[in-house]
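**Q** The structure's right below; bear with me while I get my questions together.
The values are calculated or read from the model by the stated rules, or taken from the named source; none is laboratory data. Computed from a prediction, not measured in an experiment: that's the story for all the values here. Cβ atoms come from the backbone with ideal geometry, glycine included; neighbour counts cover every protein chain shown. The accessibility values were calculated without ligands, DNA or RNA, using every heavy atom of the protein model including side chains. Shrake-Rupley method; radii C 1.70, N 1.55, O 1.52, S 1.80 Å.
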Amino acid sequence: GQVIGELPEQVPYQEWLHSDYMETKSCQACHMPAVDGQVAITGVLGKPREGFSRHTFVGGNFFMQRLLNKFRSELSVVPLPQELDAAANRTVAHLQSEAAKITIDKIETRAGRLETDVTVENLGGHKLPTAYPSRRVWLHVVVKDRNGRVVFESGAVNPQGQIQGNDNDADPNRFEPHYTEITSADQVQIYESVMAGQDGKLTTALLTAVRYVKDNRLLPKGFDKRTAGADIAVHGGAADDPDFTAGGDKIRYSVAIGDAPGPFQLEAELWYQPIAYRWAENLRQYDNEEARRFNRYYDSMPSASAVMLVRASAAK
């Protein structure tokens, strides 16, 4: 019953207030798209009027929409299968068109290494990802030689929903830091928030967490991390990274290619997972029906837990 600390769980509105979008674009502009022309606002004797929006309320958790649909009988879900399927597809389409952009700067090869800068731009009016802290986005980068052979790969997601090379997916007591440069395949740039309890141990339990040890979620345009309040602050290495700024992040990739034959093809993808593998896995320690049920659901569809948001490619 004692207060052990405070933790801002979901603050997308406060993030928006600290961005340029406060003056240029409302929350409704993205999540409740305007209807062109006049529409009747009631089904009976409705007078056509202008200036209305669709009540679609597109968010970011396509995985739960699909989970609810798959286990609809067990969970007594009311919406029709095609309705939940359409909602999940709308969510993915919104994320893939409105969330982010990737660009690859000039690729250089020298002394057996390939070097380039990958820039990720946040197109939204809040952090990417925002809200519930189980969400994460990350970079999946692949380099192939002239014969199509993979000579470097960072950030691949496996069928269990784990990010290969991510310390936190392999060990609940460790996490992947924010990187300014990636030099090996076991380093992955993951944009996420990581919580710790009063004892300093990492946790995904909201009632245990008292602080963030990492929060490098991509910032919206106009967001000044130096003046951000405690509830929306940047934590960890990103706070001191000069390339992690309002609107996105630029990260250097310097990877070994040895004597592999060029030209080389580089592919960079930004992936998103609304419920990270570690958040689901940590539920296994709880001996109750709700946790066991959710893990059973998650285990039946982990390959559907993530989606690619955007992709870019370049050759050298």
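**Q** Residue by residue through the range 34-56, note down the ones that are under 29 Å from the mean Cα position of the chain (by Cα), surrounded by 10 or more Cβ atoms within 10 Å (Cβ to Cβ) and either assigned to a strand (DSSP E or B) or not β-branched (V, I, T) (or both).
**A** A34, S53, R54
**Q** Examine the range 97-106 for a residue that is among the small types (G, A, S) and open to solvent by less than 30 Å² (accessible area, probe 1.4 Å), and state whether such a residue exists. Show your work before the answer.
**A** Let us first name the residues in the range 97-106 that are among the small types (G, A, S), namely 97, 99-100.
Pick out the ones that are also open to solvent by less than 30 Å² (accessible area, probe 1.4 Å) and you get 99-100.
Checked the range 97-106: at least one residue is among the small types (G, A, S) and open to solvent by less than 30 Å² (accessible area, probe 1.4 Å).
**Q** What is the one condition in (1) within 29 Å of S313 (Cα to Cα); (2) hydrophobic (A, V, I, L, M, F, W, C); (3) in contact (Cβ under 8 Å) with a residue 24 or more places away in the chain that A209 does not satisfy?
**A** It fails just one condition, (1).
**Q** Please count how many residues of the range 161-182 are within 25 Å of T116 (Cα to Cα) and either assigned to a strand (DSSP E or B) or open to solvent by less than 60 Å² (accessible area, probe 1.4 Å) (or both).
**A** Within the range 161-182, residues that are within 25 Å of T116 (Cα to Cα) and either assigned to a strand (DSSP E or B) or open to solvent by less than 60 Å² (accessible area, probe 1.4 Å) (or both) number 10.
**Q** OK, next. Only one of (1) open to solvent by less than 50 Å² (accessible area, probe 1.4 Å); (2) more than 25 Å from T116 (Cα to Cα); (3) in contact with a Lys or Arg (Cβ under 9 Å, 6 or more places away or on another chain) is not met by I190, so which one is it?
**A** The one condition I190 does not meet is (2).
**Q** If a residue has to be assigned to a strand (DSSP E or B) and on the phi > 0 side of the Ramachandran plot to count, how many in the range 196-231 make the cut?
**A** Here the count works out to 0.
**Q** So, V150, is that one of a type outside the set (S, T, N, Q), open to solvent by less than 40 Å² (accessible area, probe 1.4 Å), out of contact with any helix residue (DSSP H, G or I) (no Cβ under 7 Å at 6 or more places or on another chain) and at pLDDT 95 or above or not?
**A** no
**Q** Which numbered condition in (1) surrounded by fewer than 19 Cβ atoms within 10 Å (Cβ to Cβ); (2) in a helix (DSSP H, G or I) is the only one that P79 fails?
**A** For P79, the exception is condition (2).
**Q** Any residue at all in the range 97-114 that is of a type in the set (V, I, T) and closer than 19 Å to R66 by Cα? If you could, list the steps in order and put the result at the bottom.
**A** Quick first cut of the range 97-114, residues of a type in the set (V, I, T) only: 102-104, 107, 109.
Filter again for closer than 19 Å to R66 by Cα, leaving none.
Within the range 97-114 (the criterion being of a type in the set (V, I, T) and closer than 19 Å to R66 by Cα), the answer is no, since none of the residues qualifies.
**Q** Quickly run through the range 175-202 and pick out the residues that are in contact (Cβ under 8 Å) with a residue 24 or more places away in the chain, within 22 Å of P8 (Cα to Cα) and of a type outside the set (G, A, S).
**A** Listed by number, the residues that qualify are F175, P177, H178, I190, Y191, E192, V194, M195, Q198, K201, L202.
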